[in-house]
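What follows is a short report on a single structure.
The values are calculated or read from the model by the stated rules, or taken from the named source; none is laboratory data. All of these numbers come straight from a predicted model, not from anything done at the bench. Every residue, glycine as well, gets a Cβ built from its backbone with ideal geometry; the counts of neighbours run over all protein chains shown. Just so you know, the surface numbers come from the protein's heavy atoms only, side chains and all, with ligands and any DNA or RNA stripped out. Shrake-Rupley method; radii C 1.70, N 1.55, O 1.52, S 1.80 Å.
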Amino acid sequence: MTLEKLLSYDWGIMAPEFTILIVATLLSLMDLFMPNKTSRKPLALLGIAGVIIAIVFSVLQIGTEPTSILFDTYRFDAFALAFKLLFLVATGLILLLAIDYEGEREWEFRGEFFYLLLTALLGAMMMASSADLITLFVGLELLSISSYILAGIRKNNLHSNEAAFKYVVNGGIATAITLFGMSYIYGLTGSTNLYEISEALTNPAVEQNAFLLVMAFVMLLVGLAFKIAAAPFHMWAPDVYQGSATPVTAFLSVVSKSAGFALILKMFLITFLSVQGWHNAIILELQPYIAVIAGVTMVVGNVVALRQRNIKRMFAYSSIAHAGYVLVPFVSLSLLVFKMTWFYLLAYLLMNIGAFAVIQFVTEKERSEDFTAFSGLYKRAPWVAVMMAVFILSLAGLPFTAGFIGKFGIFMSSLGTGHYVLASVMIATTVISYVYYFNILVQIFFRKGEVDRLLPSIGLLIVMIICGAGTIFFGIYPGAAYDFFQEFDMNELFIK
Amino acid sequence: MNGELILFFVLALVAIGSGILMLNLTKVVHMVIALVFTFLSIAGLYVMLSAEFVAFVQVLIYSGAITIIMLFGIMLTRHDDKTETKIGVPRMILVLTGIVAFFVVMFFQINDLSFGEQAADLHVDNTEKIGIALYSKYVIPFELTSVLLLVALVGAIILAKRDDEDKGAEDNE
């Protein structure tokens, strides 16, 4: 390959990734040359600026034809763009949270946090916008390794040490299983390109080995189920979420999880959709098992959350339950799978980051992560309490919130494809979830606590307002998001 | 039985045997030595598959660098550490059954594997071909890997570096 050939690719299409990479490099250099005892918080502003520039680049790319660079090792299409926008918006909001995070004594001097967040974002973006197993895997690892370090960055905190260690050991095993599954697929097809794999899998010589393909599928699913914290691979989540700094927890529960879903949808739908198993298409044959994973995830997440007193653990189980909900469209595989998943992830982004903003606000003021820290919040900070009520109602899936629309859409799509059991599990677990969600609301509005007034700082306030406004707006007028999503032609994903 | 097959069995036996030894030995230094044997015999398997480059990398990185770093880590910390098994028998049996089932299933499937014709010229210039593929076709993941390594490096420094201010604070207390 000559240099001209290399330069003939449309590298401009990678502008969002380049922006994030350049900003992350700049931040690390600035961190290096700043005096020891200077606050690193201004670095976050530069990070936010970088994320905003990347969002602008991405928005300008809407409607661009699918573009492939270097044999699909980078591939731009509507699917990639739609998910990248989610990651970028979420990371921008989390950087805002991070500015106001107090944490331990040395936190203020930790510039690494901001650029590790950006490299994790870069990994997530590559996971959405590549159609080659190697790039997808490197992206996954970039996201994972950055997250391991982020989880352990409060190194004088025992919980944080435990979180990082659990995460790295469990994550390493999950990665190994994913890679093992990928190696079988490569061995059977002789290619790492998802489209070539999907062609090769229809070859009769490969179809004889349908059983190995099923095993490869299962191993990939197991490895990636870890990433989205689906049961029974969820055990790491509560400890890691509890031990990490609150902005990191928000990042893990939103960006890391969405990236996992992007990878699952992309990998399985491109490669396995038309492949035969023993009797039927492989994806239909394995549908009952994925349905069991989704059902168990919903039940485990919601039931165990009932017993939690630590607010971050409670939200860890809540986020496990939400992973179960988002798996439902993937199980039912209606034509709306992308639309439903994307909208639910958008709603989940808004309500979960908003809720974590309030959690960060309260746990820092109270120096306690017990859920009684919320008692009397309505008297102390009425507007924050109302915001939290909005987020919680949305997480619980009550009408006039984005969470309701998302859940309703998922529910209808599962009914439409005849998955009645899954739909009823979803309803039952949603009702269970009311108990612990409303427990927090009872604390906020009806219990007596301290009486001093609390004021959130600017960054937290901005996050709460954006998330609250978004949650209510998309709850009352979901058409805005659906119309926006119509701009993305998801069929591009399947065109080589 | 030809020489190739015998060599394969010897290497495979050493690899698996040392792997089991590594899990069952109690002294941490012995574990590392067992691990070296696994790495080396896997490198031997790579040579048999005409993947000399991968074999060299395996020896350099795994048997060389990683083992040395592990030994350094052991020397700088508590080098007479012993493992204590705390796993109950029922759990052990459960795990063992799972592993054996997985092995049997995979073994019979791989035994039945049929690919049609095999590529015969894999050993021709393969290092050169890896280089060309790495720096042309796979240049994006290659560059991304460099970011990954940077992140790992920064992470190692953050987590391992001693903060002097804390040291000072402790002395004052």
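Please give the per residue volume of the convex hull enclosing the alpha carbon atoms of region A:349-496, rounded to a whole number of Å³. Let's see the in-between values first.
Values: hull volume 21.2 nm³, N = 148.
In region A:349-496, the Cα hull volume divided by residue count equals 143 Å³.
Computed on chain A, with alpha-carbon pairs under 8 angstrom and 6+ residues apart, the relative contact order is 15 percent. Of A:400, A:411, A:76, the order by accessible heavy-atom surface (1.4 Å probe, DNA, RNA and ligands excluded), from most exposed downward, is A:400, A:411, A:76.
Accessible area per residue, 1.4 Å probe, Å², for region A:1-77: what's the number?
51
Pairing the Cα long axis of helix A:382-396 with the longest principal axis of chain A, what angle in degrees results, from 0 to 90 and rounded to the nearest 10? So the inclination is approximately 30 degrees. Using only the alpha-carbon atoms of the protein assembly as shown as identical scatterers, what base-10 log of I(q)/I(0) does the Debye formula give at q = 0.10 Å⁻¹? After summing over all Cα pairs, the log10 values are -1.01.
For the peptide A:23-30, the mean number of other protein chain Cβ atoms found within 10 angstrom of a residue's Cβ is 1. Test of understanding: express the Cα radius of gyration of region A:36-139 as a ratio to 2.2 N^0.38 Å, with N the residue count. Scaled against compact globular proteins, the figure is 1.23. Does any residue of region A:72-93 lose at least 40 Å² of accessible area with all protein chains in place compared with its chain alone, and if so which ones (probe 1.4 Å)? Relative to the lone chain, where solvent access is computed with a 1.4 Å probe, region A:72-93 loses at least 40 Å² at A:73.
Between the residues A:44, B:53, A:398, the greatest Cα displacement towards the positive end of the dipole of the protein assembly as shown, with unit charges on the Cβ of Lys, Arg, Asp and Glu, is found for A:398.
Across bins of 5 angstrom width beginning at 0, how are the C-alpha pair distances of region A:336-388 distributed, in whole percent? Here the calculated profile for region A:336-388 is 4, 19, 22, 19, 10, 9, 8, 6, 2. Highest average first, the peptides B:92-102, A:175-185 ordered by how many other beta carbon atoms sit within 10 Å of their residues are A:175-185, B:92-102. Quick check on chain B: take the gyration tensor over C-alpha atoms, sort the square-rooted eigenvalues as a ≥ b ≥ c, and tell me if it's rounded (a/c under 1.5), prolate or oblate. Because a/c hits 1.5 or more and a/b fails to exceed b/c, chain B counts as oblate. Solvent exposure of residue A:332, expressed as accessible area, is near 10 Å², computed with a probe of 1.4 Å over the protein chains only. Qualifying trypsin sites (Lys or Arg not before Pro) in region A:26-125, where qualification requires a DSSP coil assignment and no more than 15 other C-beta atoms within 10 Å, comprise A:37. For region A:1-93, just say rounded, prolate or oblate: build the C-alpha gyration tensor, square-root its eigenvalues into a ≥ b ≥ c, call rounded for a/c under 1.5, and beyond that prolate if a/b exceeds b/c, oblate if not. Because a/c hits 1.5 or more and a/b fails to exceed b/c, region A:1-93 counts as oblate.
Step by step: find N for region A:430-484, compute 2.2 N^0.38 Å, then divide the Cα radius of gyration by it. What's the final number?
So the Cα radius of gyration is 1.56 times the expected 2.2 N^0.38 Å.
Note on region A:182-301: Cα Rg divided by 2.2 N^0.38 Å, N the number of residues, gives 1.19. Considering only A:163, A:259, A:202, and ranking their Cα positions along the charge dipole of region A:159-282 that arises from unit charges at the beta-carbon of Lys, Arg, Asp and Glu, the one farthest toward the positive end is A:163.
Heavy-atom accessible area buried between chains A and B is around 3200 Å² (1.4 Å probe, both sides summed).
Measuring against 20 Å, Cα to Cα, the residue pairs A:266/B:129; A:37/B:161; A:339/A:407; A:312/A:448; A:257/A:407; A:37/A:155 contain A:266/B:129; A:312/A:448 as the ones spanning a longer distance. Here the calculated FRET efficiency for residue B:153 and residue A:180, from their Cβ-Cβ distance with R0 = 45 Å, stands at 0.95, rounded to the nearest 0.05.
Looking at the calculated P(r) for region B:6-49, what percent of the C-alpha pair distances fall above 18 Å? Don't skip to the answer; put the middle values down first.
Values: 246 of 946 pairs.
Tail fraction, whole percent: 26.
How big is the charge dipole of the protein assembly as shown about its Cα centre, in debye rounded to the nearest 20, if each Lys and Arg gets +1 on its Cβ and each Asp and Glu gets -1 on its Cβ? Before the final figure, lay out each step's value.
On the way: 38 positive and 49 negative charges, 421 e Å.
In debye, rounded to 20, the protein assembly as shown gives about 2020.
Straight-line cross-link partners of residue A:5 among the lysines, defined as a Cα under 16 Å from its Cα and at least 8 positions apart when in the same chain: B:137. For chain A, the fraction of 1.4 Å probe accessible surface lying on carbon and sulfur atoms is 69 percent.
For region A:397-477, state the average projected area of the convex hull of the C-alpha atoms over all orientations, rounded to one decimal in nm².
Working: hull surface 28.3 nm².
Taking the Cα atoms of region A:397-477, their convex hull projects to 7.1 nm² on average.
Of the residues A:217, A:233, the one with the largest accessible area comes first in the ranking A:233, A:217, computed with a 1.4 Å probe on protein heavy atoms. Mean-square fluctuations from a GNM of chain B, with a 10 angstrom spring cutoff on Cα atoms, peak among B:128, B:143, B:52 at B:143.
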